[in-house]
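Asks: Input: one structure, supplied below.
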Number of protein chains: 4
Amino acid sequence: MHSFPQHLLDGHANFMSGRYSRERDRYRDLASAGQTPTTLMIACCDSRAAPEMIFDAGPGEMFVLRNVANLVPTYQPDGGQHGTSAAIEFAIKGLNIANIVVMGHGRCGGIKAALDPAMKPLDSGDFIGKWMSMLGELPSQLGQNDLLTASERQTAMERISIRNSIRNLRTFPYVAALEQEGQLAIHGAWFDISSGELWVMDESGDFIRPAL
Amino acid sequence: MHSFPQHLLDGHANFMSGRYSRERDRYRDLASAGQTPTTLMIACCDSRAAPEMIFDAGPGEMFVLRNVANLVPTYQPDGGQHGTSAAIEFAIKGLNIANIVVMGHGRCGGIKAALDPAMKPLDSGDFIGKWMSMLGELPSQLGQNDLLTASERQTAMERISIRNSIRNLRTFPYVAALEQEGQLAIHGAWFDISSGELWVMDESGDFIRPAL
Amino acid sequence: MHSFPQHLLDGHANFMSGRYSRERDRYRDLASAGQTPTTLMIACCDSRAAPEMIFDAGPGEMFVLRNVANLVPTYQPDGGQHGTSAAIEFAIKGLNIANIVVMGHGRCGGIKAALDPAMKPLDSGDFIGKWMSMLGELPSQLGQNDLLTASERQTAMERISIRNSIRNLRTFPYVAALEQEGQLAIHGAWFDISSGELWVMDESGDFIRPAL
Amino acid sequence: MHSFPQHLLDGHANFMSGRYSRERDRYRDLASAGQTPTTLMIACCDSRAAPEMIFDAGPGEMFVLRNVANLVPTYQPDGGQHGTSAAIEFAIKGLNIANIVVMGHGRCGGIKAALDPAMKPLDSGDFIGKWMSMLGELPSQLGQNDLLTASERQTAMERISIRNSIRNLRTFPYVAALEQEGQLAIHGAWFDISSGELWVMDESGDFIRPAL
């Protein structure tokens with residue numbers, strides 16, 4: 001085992017002299033009183049789309065689940081080890097969060113893989129292929145004709161996938177119940193890595209830039 | 001559907017005028033050239049332990065998988081939809097990352113649930129219980145005797161779990177192969193929310209505070 | 001016949017005391033020397049998308065063709081009275097313009113009509129339906145499934161139509177020849193009425209906001 | 001494909017910081033509520049005679065059809081793709097506009113071509129010749145004698161053509177019906193590029209400068 005990467009140790013030293021130093025009391029309170037985040041953020045692993053950066057969030061604000069392509073499966077109480085569903089259950093049942101945000105982003109590698117019919121599995125396990133198969137027929141329904149450019153198709157699929165994840169979220173009985181009771185709000189968002197812009201989903205499912 | 005939370009929009013406005021404004025070129029380059037993170041960070045969803053904060057990391061530096069209690073399953077190419085394995089495959093096979101860090105933290109709710117024999121499922125789906133069952137017999141092997149205080153037992157289990165996740169990581173054939181070839185390094189880390197300190201795992205599996 | 005609308009007369013009085021007063025010499029020169037615009041702008045009749053406003057253009061700068069949905073037919077030298085083709089011929093052959101811009105816009109009524117399979121002709125002449133049939137199978141190829149919201153489908157079709165018009169432009173022999181000789185450049189643009197933003201087509205056919 | 005002309009991007013930047021900035025709410029309202037222009041303006045493509053400039057019109061005020069020489073064909077529901085008729089149908093049937101203005105202008109290149117018996121087609125398609133043939137025998141009826149100077153003949157033909165277009169407009173059944181019911185008013189106008197003056201058609205068909 002190699003020694004711990006020096007640039008990560010340097011980064012942590014910056015944290016100690018910077019944010020931690022300024023927010024020492026907040027960290028101590030969060031440690032002793034426990035976390036009470038109000039938002040469950042379901043985001044992608046992508047290194048360019050960290051939710052805490054994008055929303056300038058401080059410690060304790062967001063409970064953040066990150067998987068490849070920010071996917072949510074349907075409610076499947078079948079005894080399997082569903083990591084995403086466990087995080088959702090923890091956030092809703094254990095932390096009583098008030099908002100769920102499914103945040104996708106541009107140039108998503110997982111979505112790109114899902115759209116590529118010629119994509120070969122990267123491994124015999126083919127975990128990515130299996131994981132992205134959660135989108136079912138959606139990628140093929142979008143079609144491979146040349147009406148849309150590759151980039152347009154990618155963006156469309158990223159947004160279709162967010163709507164699909166939100167639909168799947170509502171198959172969780174407690175999510176649906178709390179939303180109907182007005183105690184839980186579900187949101188969609190899409191982050192443009194290049195421009196830094198955030199597009200949010202409106203009630204019709206469209207993604208718009210919020211008015212300033 | 002409620003309108004998008006204002007505090008998140010405000011946070012994004014801070015991002016735009018702050019970090020994005022300062023690092024516009026970096027974001028644009030990352031968008032056009034694609035991501036090339038060197039580290040796969042496997043961390044917890046906990047709102048108090050965001051890796052990018054703890055390591056003062058910028059955009060593009062870390063590919064971040066976050067699930068409840070930063071668990072890694074064993075390699076199971078059984079056709080199931082394994083989100084964590086998909087992220088590992090993506091990071092290793094798709095991004096050629098050089099370091100994997102499994103980072104746990106103090107006061108972890110998932111570990112606490114795994115240790116509590118009286119814990120009732122929060123839901124009939126019991127996704128948390130199933131998810132934490134990945135630890136197998138480890139929690140009961142640690143014992144419920146009075147030798148350790150509740151706090152000591154919790155910290156011990158958090159560290160045992162990190163070692164267990166690292167062991168599971170090595171069941172992925174390509175992880176083991178790359179590590180043996182010296183092209184991939186695997187690390188453990190544990191974050192103390194209260195003090196802000198980072199403890200890193202040494203070659204014997206112990207967690208120590210790195211010398212400054 | 002009613003008297004000429006007073007608000008138009010008032011508007012012209014503003015013109016006389018405003019722009020004309022400031023640019024009297026320019027108008028006189030343009031009258032005596034003739035027009036030498038460098039751009040043929042093919043735009044929509046929509047009242048919200050006047051090219052001269054959007055590009056802050058002065059007198060003499062743009063030769064502006066406006067029809068419903070900024071469509072360009074293919075080259076059809078069949079003796080019919082093709083108004084759009086006449087304007088293209090005039091701009092290229094008569095004025096030697098150097099740039100053609102096909103500019104679409106959001107919320108285009110013509111595109112909306114083309115996408116609506118239940119749309120009834122507004123008149124027995126059904127000029128709109130016949131005109132929009134220039135898009136051929138493109139609207140039906142885009143599909144009526146629920147993957148895309150109505151708004152997303154509309155935007156996609158607006159952009160597909162711009163690419164189609166550009167393709168049709170290149171069926172004019174002199175357009176194709178001049179472009180190959182590097183004496184004529186063809187561009188696509190899409191105007192967002194709500195945000196005021198201009199999206200321009202890049203070499204892959206995608207619409208992007210130009211970097212500032 | 002060349003990059004988008006910089007002077008157009010600069011013009012758009014002026015628009016954003018100028019008119020759009022001042023009229024942001026108006027643009028947003030027009031986007032969300034849709035357009036409700038009260039005037040259909042039928043004008044020429046000429047770069048020196050932009051209706052929005054001449055009438056100092058804001059966004060949403062005029063639905064503007066622009067073709068070579070502001071011609072209107074007769075009502076021909078023959079299944080052809082009549083762009084001008086489609087725009088008229090859209091304005092009347094779809095937008096219920098209250099006024100139609102046919103605006104010609106001095107030094108019109110299309111009219112000049114129609115008057116020149118020695119004019120050779122600019123292209124084998126000869127779209128301009130075919131298009132201007134909509135004037136039928138009018139140019140030759142005006143005669144080539146020496147009674148009128150070239151300039152007088154040109155101005156006369158520009159005005160004859162406006163009267164002809166208005167006559168053709170009334171062959172559209174709904175135009176004629178709405179005008180008789182007093183719900184639609186049809187106007188003629190002629191713009192003098194050099195002096196900036198607007199001449200409007202009175203009930204006898206004469207063009208006069210309106211009293212201020």
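Asks: Among C:V68, C:Q141, C:I111, which residue has its Cα positioned farthest towards the positive end of the charge dipole of chain C, with +1 placed on the Cβ of Lys and Arg, -1 on the Cβ of Asp and Glu, and the dipole taken about the Cα centre?
Replies: Going by the charge dipole, the pick is C:V68.
Asks: Under 17 Å from a label point 7 Å along Cα→Cβ of A:S204: give me every residue in region C:150-186 with its amide N that close.
Replies: Backbone N within reach: C:150-159.
Asks: Return A:Y174, A:Y75 ranked ascending by Cβ neighbour count within 10 Å, so the fewest neighbours appear first. It would help to have the intermediate numbers written out before the result.
Replies: Values: A:Y174 17, A:Y75 22.
The fewest-first ordering by Cβ neighbours comes to A:Y174, A:Y75.
Asks: Assume the label is 7 Å from Cα along Cα to beta carbon: what separations in nm does A:E181 have to the matching positions in the other copies?
Replies: Going from nearest to farthest copy, the values are 5.4, 5.6, 7.6 nm.
Asks: Can you find, among B:S151, B:S194, B:A177, the residue farthest towards the positive end of the dipole of region B:121-212? Put +1 on the C-beta of Lys and Arg, -1 on that of Asp and Glu.
Replies: B:A177
Asks: A further question on this structure: If I build a Gaussian network model for chain B, linking alpha-carbon pairs within less than 10 angstrom, which residue out of B:P37, B:P59, B:P139 has the largest mean-square fluctuation?
Replies: Fluctuation is largest for B:P59.
Asks: Only counting other Cβ atoms within 10 Å, I'd like C:D29, B:D46, C:D56 sorted with the fewest neighbours first.
Replies: Listed from fewest to most nearby Cβ atoms, that is C:D29, C:D56, B:D46.
Asks: If only Cα atoms are counted, what is the Rg of region D:142-212, and what is its Dmax, in Å?
Replies: 14.6, 44
Asks: Please give the helix D:150-169 orientation as an angle from the longest Cα principal axis of chain D, in degrees from 0 to 90, rounded to the nearest 10.
Replies: Its long axis makes an angle of about 70 degrees.
Asks: Taking chain D as a Gaussian network, Cα atoms linked when under 10 Å apart, which of D:A33, D:A176, D:A87 shows the biggest mean-square fluctuation?
Replies: Checking each option, the largest mean-square fluctuation is seen for D:A33.
Asks: Further question: Evaluate E = 1/(1 + (r/R0)^6) for A:A118 and C:Q141, where r is the Cβ-Cβ distance and R0 equals 25 Å; express this FRET efficiency to the nearest 0.05. Don't jump to the answer; show the numbers that get you there.
Replies: Numbers: r = 22 Å, r/R0 = 0.87.
Between A:A118 and C:Q141 the formula returns 0.70.
Asks: Using a cut-off of 15 Å between beta-carbons, work out the net charge of the residues near D:K120 (Lys and Arg +1, Asp and Glu -1, D:K120 not included).
Replies: Values: positive: C:K93, D:K112, D:K130; negative: C:E89, D:D116, D:D123, D:D126.
With Lys, Arg at +1 and Asp, Glu at -1, the neighbours total -1.
Asks: Tell me whether region D:93-163 comes out rounded, prolate or oblate; compute the Cα gyration tensor, take square roots of the eigenvalues as a ≥ b ≥ c, and use a/c under 1.5 as the rounded threshold. Mind showing how you got there, number by number?
Replies: On the way: a/c = 2.48, a/b = 1.39, b/c = 1.78.
Oblate is the answer for region D:93-163, as a/c is 1.5 or above yet b/c matches or exceeds a/b.
Asks: Also, I was wondering about something else. About its Cα centre, how strong a charge dipole does the protein assembly as shown have in debye, to the nearest 20, once Lys and Arg get +1 and Asp and Glu get -1 at the Cβ?
Replies: Values: 72 positive and 96 negative charges, 35 e Å.
The calculated dipole for the protein assembly as shown is roughly 160 debye.
Asks: Something else now. Compare D:L115, D:L135, D:L147 in a GNM of chain D, Cα atoms joined below 10 Å, and give the one with the largest fluctuation.
Replies: D:L147
Asks: Students often get this wrong: which residues of region C:197-212 have the backbone nitrogen under 12 Å from the point 7 angstrom along Cα-to-C-beta of D:A13?
Replies: Once the point is set 7 Å along Cα→Cβ of D:A13, C:210-212 turn out to lie under 12 Å by backbone N, inside region C:197-212.
Asks: On to the next question. Report ³J(HN,Hα) in whole Hz for each residue of region D:141-147, in order, from the Karplus equation J = 6.51 cos²θ - 1.76 cosθ + 1.60 where θ = phi - 60°; Gly and Pro get x.
Replies: 5, 5, x, 10, 5, 9, 5
Asks: Which whole-angstrom value gives the distance between the alpha carbon centres of region B:65-118 and region D:155-194?
Replies: One Cα centre to the other: 74 Å.
Asks: Quote the charge dipole size of region D:38-187 about the Cα centre in Debye, to the nearest 20; the model charges only the Cβ of Lys and Arg (+1) and of Asp and Glu (-1). Mind dumping the intermediate values first?
Replies: Numbers: 12 positive and 15 negative charges, 29 e Å.
My answer is approximately 140 debye.
Asks: Excluding C:L198 itself, calculate the net charge of residues whose Cβ lies under 10 Å from the Cβ of C:L198, where each Lys or Arg counts +1 and each Asp or Glu counts -1. Show your work: numbers first, answer last.
Replies: Numbers: positive: C:R209; negative: C:D192, C:E197.
Residues near C:L198 contribute -1 overall.
Asks: Additional query: Calculate how steeply helix A:24-33 sits against the longest principal axis of the alpha-carbon atoms of chain A, using the helix alpha-carbon long axis, and give the answer as 0 to 90 degrees to the nearest 10.
Replies: With rounding to tens, the tilt is 80 degrees.
Asks: Then there is this: Taking a virtual spin label 7 Å from the Cα of B:L148 along the C-beta vector, which residues in region B:98-118 bring their backbone nitrogen under 17 Å of it?
Replies: Answer for region B:98-118: B:104-118.
Asks: Rounded to the nearest angstrom and ordered from largest down, what semi-axes does the equivalent ellipsoid of region A:34-153 get from its C-alpha gyration tensor (root of 5λ)? Don't skip to the end; give the middle numbers.
Replies: On the way: eigenvalues 166, 67, 31 Å².
The three semi-axes for region A:34-153 are 29, 18, 12 Å.
Asks: Return the calculated 222 nm mean residue ellipticity for chain D, to the nearest 500 deg cm²/dmol, obtained by summing -39500 (n - 2.57) across DSSP H runs with n ≥ 4 and dividing by the residue count. Walk me through the intermediate numbers first.
Replies: Working: 9 runs with 77 residues, N = 212.
So the calculated ellipticity at 222 nm is -10000 deg cm²/dmol.
Asks: Over the Cα atoms of chain B, each weighted equally, I'd like the Debye log10 I(q)/I(0) at q = 0.07 Å⁻¹, rounded to two decimals.
Replies: One equal scatterer on each Cα of chain B leads to -0.25.
Asks: Note down the net charge around B:A185, summing +1 for each Lys or Arg and -1 for each Asp or Glu among other residues with Cβ under 15 Å from its Cβ.
Replies: On the way: positive: B:R170; negative: B:E179, B:E181, B:D202, B:E203.
In short, -3.
Asks: Using the Kirkwood radius over C-alpha pairs as Rh, can you work out the diffusion coefficient of the protein assembly as shown via Stokes-Einstein at 4 °C, viscosity 1.567 mPa s, in µm² per second? Let's see the in-between values first.
Replies: Working: Rh = 30.3 Å.
Result for D is 43 µm²/s.
Asks: If you don't mind, there's one more thing I want to ask. Which distances in nm, rounded to one decimal and ordered from shortest, link the label point of B:A118 to the equivalent label points in the other identical copies, with labels set 7 Å from Cα toward Cβ?
Replies: For B:A118, the inter-copy label distances come out at 6.0, 6.2, 11.0 nm.
Asks: So the label point sits 7 Å from Cα along the Cα-to-Cβ vector; using that for C:S204, what distances do you get to the other copies, in nanometres, sorted shortest first?
Replies: 2.8, 5.4, 6.7
Asks: Of the listed pairs A:K93/B:K120; C:K130/D:K130; A:K130/B:K120, which have alpha-carbon separations greater than 23 Å here? Provide the component values of the computation, followed by the final result.
Replies: Details: A:K93/B:K120 12 Å; C:K130/D:K130 20 Å; A:K130/B:K120 32 Å.
Too far apart for the 23 Å limit: A:K130/B:K120.
Asks: Further question on the same structure: Given H placed on each backbone N at 1.01 Å, which residues far from C:I100 in sequence or on other chains put an amide H within less than 5 Å of it?
Replies: So C:I100 has HN proximity to C:L40, C:A185, C:I186, C:H187.
Asks: Suppose a student asked you for the relative contact order of region B:1-124, using Cα pairs under 8 Å spaced at least 6 residues apart; what percent would you report? Show your work: numbers first, answer last.
Replies: Working: 111 pairs, mean separation 34.1, N = 124.
Reported relative contact order: 27 percent.
Asks: Considering only DSSP beta bridges where both residues belong to the protein assembly as shown, give the percentage that are antiparallel (nearest 5).
Replies: Working: 22 of 90 bridges.
Antiparallel bridges: around 25 percent, rounded to the nearest 5.
Asks: Considering Cα pairs under 8 angstrom that are at least six residues apart, work out the relative contact order of chain B and quote it in whole percent.
Replies: Working: 261 pairs, mean separation 43.8, N = 212.
Across chain B, relative contact order equals 21 percent.
Every read-out reported here was derived from the displayed coordinates using simple, explicitly stated rules and does not represent laboratory data. Please read all numbers here as calculations on a predicted model, not as lab measurements. Every residue, glycine among them, receives a Cβ derived from its backbone with ideal geometry; neighbour counts consider all protein chains shown.
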